């Protein structure tokens, strides 16, 4: 049996292990019934070389995974507008959709792509004057366009940019910053393997996992530094609990606490200069920095 321990507290979810390798499948267990309908219309592509990522799928998956939104399937979309001015609000309102995302992808001569997208409030002005939703609240507005942005992105950065789009949409509609463009740290336990305990970091949706450590003994409590460059964690690889700091980019790691007894619960200070630790080196378990 393969277990997953994950450093993520954004929502109630289930981490489902794949039978192929150490890939995460993340399923929401709460929030779906009250999720808000939203439409992520397929982005129009202009060019010859198709991009490696399907942006609307990534954006939709992010928003659905939050438990706050329920993306409308393509098969139920009444139209496929490529810009906000082409959106017919009545068609979407009849389906209960609150907002529509439109966009386009244009291939550039250097191999990059110009991404344009808009977030449209289809209930703008409907029974509420010139009111629209901004930051989770109704405010006066002169336009149904909640977001209108454009960026030039390399093919290798498309997936992360899709997460950033989802972050922007989430914040605009809820007033809460999104976290889709962040990364997660988790411990995979593969029973029967020589080194069953494996520490990984990956994108917030489990994509692109990077293994940092494989150990015969338990690894637990991964904690991100504020700049997301380092992880602090507890390892029992030498028999006793020990706290390590691991640089994600260089691969270098350093043991910072290996006292007799308990060495646990590393937590970074907001500025990343200090760690709070739970140690029992003097008999009782106490907090140190």
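The values are calculated or read from the model by the stated rules, or taken from the named source; none is laboratory data. Bear in mind that the values here come from a model prediction, so they are computed numbers and not experimental data. Every residue, glycine as well, gets a Cβ built from its backbone with ideal geometry; the counts of neighbours run over all protein chains shown.
Before we move on, is residue 108 more than 26 Å from the chain's Cα centre (by Cα) and either at pLDDT 95 or above or surrounded by fewer than 17 Cβ atoms within 10 Å (Cβ to Cβ) (or both)?
yes
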Can you spot a residue in segment 271-288 that is crowded, with 17+ Cβ neighbours inside 10 Å and within 29 Å of residue 157 (Cβ to Cβ)?
-> no
Would you list the strands (runs of 3 or more DSSP E) that sit entirely within segment 32-93 and hold 2 or more residues that are touching a strand residue (DSSP E or B) at 6+ places or on another chain (Cβ under 8 Å), at pLDDT 95 or above and over 13 Å from residue 166 (Cβ atoms)?
-> 36-40, 44-46
Output the qualifying pairs, or none if there are none: Cβ atoms under 7 angstrom, residues six or more apart or on different chains, first residue in segment 251-270 and free of Cβ contacts under 8 Å to residues at least 24 places away in the same chain, second residue part of a loop (DSSP other than H, G, I, E, B) and crowded, with 17+ Cβ neighbours inside 10 Å.
-> 262/241
Which members of segment 161-190 meet the condition of being touching a residue at least 60 places away in the same chain (Cβ under 8 Å) and part of a loop (DSSP other than H, G, I, E, B)?
-> 178, 179, 180
How many residues of segment 184-213 are touching a strand residue (DSSP E or B) at 6+ places or on another chain (Cβ under 8 Å) and surrounded by fewer than 16 Cβ atoms within 10 Å (Cβ to Cβ)? The answer is 5
